[in-house]
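Okay, structure first, notes after.
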Amino acid sequence: MDTKTIARQCTLCEAHCGILVTVDGERVTRIEGNPEDVLSKGYICPKATAMGGLHHDPDRLRTPVRRVGDTFAPIGWDEAFREIGQRLRAVRHAHGPSAIGMYMGNPAAHSSSVLYAVALRMALLTRNFFTASSIDQFPQEFVAWRMFGANVLMPVTDIDRTDRLVILGANPAVSNGSITTMPGARTRISEVRRRGGTVVVIDPRRTETARLADQHVAVRPGGDVFLLLGMLHVLIGEDLCDPRAVGEQCSGFDELVRLVEATTPERMAPHAGVDADTIRTLAREHAAARSAVLYARIGVCLQVTGTLTHWLVNTINAVTGNLDRAGGQMFATPPVDAARYGKYLPMGHGAWTDRSGTRKSFRGELPVSALAEDILTEGPDRIRAMITYAGNPVLSTPQRGRLDDALESLDFYVAVDMYVTETTRHADIILPPVSPLEREDLNLLFPVFSVRNNARFDAAVFAPPADGLEDWQILARLITELTPLPARRFTGRALTGLFDQLSPLRLTAAAIAAGPYGVLRKGRKGLTVNRLRARTGGVDLGPLVPRLRELIGTKDRKVNLTPPDFLSAVRAVLDDTDAIEDPGYDLQLIGRRHLRSNNSWLHNIETMVKGRDRCTVLMHPADAAERGLADGDPASVESAVGAIVAPVEISDDIRAGVVAIPHGWGHRGAGVGWQVAAAHPGVNVNLLHDPDRADPLSGAAAVNSTWVRVGPVGATPTEHSAAAVAAPH
Ligand SMILES: Nc1nc2c(c(=O)[nH]1)N[C@H]1C(S)=C(S)[C@@H](COP(=O)(O)OP(=O)(O)OC[C@H]3O[C@@H](n4cnc5c(=O)[nH]c(N)nc54)[C@H](O)[C@@H]3O)O[C@H]1N2
Ligand SMILES: Nc1nc2c(c(=O)[nH]1)N[C@H]1C(S)=C(S)[C@@H](COP(=O)(O)OP(=O)(O)OC[C@H]3O[C@@H](n4cnc5c(=O)[nH]c(N)nc54)[C@H](O)[C@@H]3O)O[C@H]1N2
Ligand code: SF4
Ligand SMILES: [Mo]
């Protein structure tokens, strides 16, 4: 047989670890870490092998399919595009451009086809554009825009050089980092300690990351904003800030001083759920370390205080002199320097709203928690047709269980996805791209957030099938179909020809040539796609360097420490600390990720789901005993908007008063779609989260710290018969 090994990346999560894929003819026989990879240095997690599992998965769609009753039947590409074009144009003609909605999910960011998704979004001219960003990093982008003048300026944690790493609401030992791309995070974290530094983890759960740390602080869910205000009070009150950094880099310090005058550790402690001494020590040690960095992610981002918490994180880093310097928060210099141009993009906050008038648009999109209602609410502006691309919002977003009905009610729905999922099962037509191993690529996004500057090429392992299309080709055909008649008659073919010349890889090659390492700047020795192709471990472009002055987009070219809307929002939180309680419910629900899971879509790979049930309600022994629950018992979990049943998992790793349930579960047993996942369904935790509970500044969904009550099945006030019931009020 024909055995060969090809170097590329695992594109499942942001780490994009370098992998070596060995194939025997048409089969993947081995996937291992690539020791030459300049960023991941041989590290892979157990999910890397799923790249092979996905490729060979018999349930993965290989041809377009059309819905026929409750099943799907294959159709040809041309027939599919013709029908899609007719149906979408008819909706737009009858009801206007915003009648076509679009949702783009997380894997879109993992290939350069995303350039064509952006082009499609522009061609649609719709106001009803949604992405997973509004249930992910929206608060961080919002903060970057208001403090640094550009949404892409989300700073990177310089983990490899810091003397003190303080992690809030992130579990990089499992997630391998996000908006700070750090493959092999466990080693990087352990290295901080090995070189004499300190690691602190602030998290309601003693996580896999907390186990690697010197100190674990079990904060109350949603308590971080108070903890950070207490720290700032100490930093300012005890004169521990860095006057040079504050003077040279920042504006608004005086207002900050006034803001935190009253936020003493003693006052903040009960709301943070952390004692005053701990808060005080965290502040003093942050200031005392040679370099120190606060790193925060999903656990504090997807909160009603998401924007405020990330603002305080950046603020503390800045006032202690840890912004834009080695070992602190920095900005990368990627081969295509998106960060340089971010300041020219209008963010258009509140340029329009969702149909309820409450959720504001931000950088051209609406918060995804508005999706079901924007489809279901009667009226002229209703969404009547949808395009989803690489997303599974039925499982991944809070919609009060109404998104199934909403998608079913559409006049027309086309999905670009390689599976029949809980979401795409509602589509009229599903268009599947080739498998990730059948495409070559050069990711432009993650080098913007990497801990070291780098460029890495992704080689195709297999040639794509003769009739296979990549995502960008599918999206390009959709753009062509949306061109109005009669122009399309003449331009359709020309457009297709043009698109063929403009593959994302070609566009990338041109952008790299013009970028900081490209031939236009560096002459003949500059970086080119062909050179990258030959370097199977990628190219290391050095450590991060200071560049705030060059990148910052605020008017006075200083970091804005006190955007007025942040000040009024934080005052509101301080004035009404009772708002965080929810009468009738006594436990707070947070999320959790597992090493073998990736959001909603790896549960069809046997090696990723084998072993014990992972969709469990993690609960403290005291809370379980109080409710008469034993390990493995089915428990009913109820919130103000929904109820689910899942087995209890008892552990003192979690703070008393808190329960954790992972997202991405709730698969269906139906005969279409994921057959393996159907045997490990789990339940959809997003049925418990209220879509109206959001970060009021950025609009991001607040899916951490939802108030719930938990009890034995049947014993709580509501009866549960099915495994998962939504209880819309
Ligand atoms: N309660 C709660 N909810 C959460 C979170 C949480 O912490 N708690 N986390 C949130 C976060 S951070 C995220 S990123 C979102 C994710 O939310 P989504 O992006 O909506 O969901 P995914 O589970 O990533 O679904 C990805 C889909 O893309 C398809 N797909 C995979 N690769 C490709 C490809 O190359 N091309 C195409 N066309 N399709 C592909 C898969 O088959 C799958 O259907 O979930 C969010 N939801
Ligand atoms: N194995 C695996 N890796 C992944 C993914 C995956 O699904 N599985 N998803 C990828 C994606 S899309 C993303 S965005 C990243 C996310 O990367 P991370 O943010 O590192 O992921 P999480 O594991 O959700 O970490 C959130 C942490 O916040 C804690 N937390 C919850 N509420 C609070 C709170 O109020 N305060 C504090 N301080 N902590 C709180 C939780 O206990 C949890 O440990 O991971 C990526 N990597
Ligand atoms: S951490 Fe795991 S899933 Fe993420 S890129 Fe690396 S190997 Fe793939
Ligand atoms: Mo994410």
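The values are calculated or read from the model by the stated rules, or taken from the named source; none is laboratory data. Remember, it's a predicted structure, so these values are computed and weren't measured experimentally. Quick reminder, even Gly has a Cβ in these numbers, built from the backbone with ideal geometry, and neighbours come from all protein chains shown. For accessibility, only protein heavy atoms count, side chains too; no ligands or nucleic acids. Shrake-Rupley method; radii C 1.70, N 1.55, O 1.52, S 1.80 Å.
Observations
- When the solvent-accessible area of the chain is split by element, carbon and sulfur atoms take up 53 percent of it, the probe being 1.4 Å.
- Applying the Karplus relation 6.51 cos²θ - 1.76 cosθ + 1.60 with θ = phi - 60° to the stretch 621-637 yields 3J(HN,Hα) values of x, 5, 5, 5, 4, 4, 9, x, 9, 9, 3, x, 5, x, 10, 9, 10 Hz, where x marks Gly and Pro.
- Percentage relative contact order, the stretch 581-721, counting C-alpha pairs under 8 Å, at least six apart: 34
- Assigned charges on the beta-carbon of Lys, Arg, Asp, Glu; the chain dipole about Cα centre (debye): 2660
- For the stretch 141-245, the Cβ-based charge dipole about the Cα centre amounts to some 340 debye (Lys, Arg positive; Asp, Glu negative; other atoms uncharged).
- Count Lys and Arg as plus one, Asp and Glu as minus one, and take only other residues whose Cβ is under 11 Å from that of D2; the net charge is then 0.
- Accessible surface area normalised per residue over the chain is 37 Å², counting heavy atoms of protein chains with a 1.4 Å rolling probe.
- Candidates W665, F148, G584 compared by Cα position along the dipole of the chain: farthest toward the positive end lies F148, with charges placed on Cβ.
- Normalised by the number of residues in the chain, the mean separation of alpha-carbon contacts (under 8 Å, six or more apart) gives a relative contact order of 18 percent.
- Partners for K343 among lysines (Cα-Cα distance below 27 Å; same-chain residues under 8 apart left out): K360, K522, K555, K558
- Rounded Å value of the spacing that divides the Cα centres of the stretch 593-656 and the stretch 497-575: 40
- CD proxy at 222 nm, helix term only [per DSSP H run n ≥ 4: -39500 (n - 2.57); per residue of the chain; nearest 500]: -8500 deg cm²/dmol
- Reachable aspartates and glutamates from K47, criterion Cα separation under 14 angstrom, eight or more residues apart if same chain: E14, E32, E606
- Protection-proxy order for peptides 523-530, 286-293, 180-187, 455-462, each taking the mean of Cβ atoms within 10 Å per residue, highest first: 180-187, 455-462, 286-293, 523-530
- Projecting the Cα atoms of M619, Q303, Y389 onto the dipole axis of the chain, where Lys and Arg carry +1 and Asp and Glu carry -1 at the beta carbon, places Y389 farthest toward the positive end.
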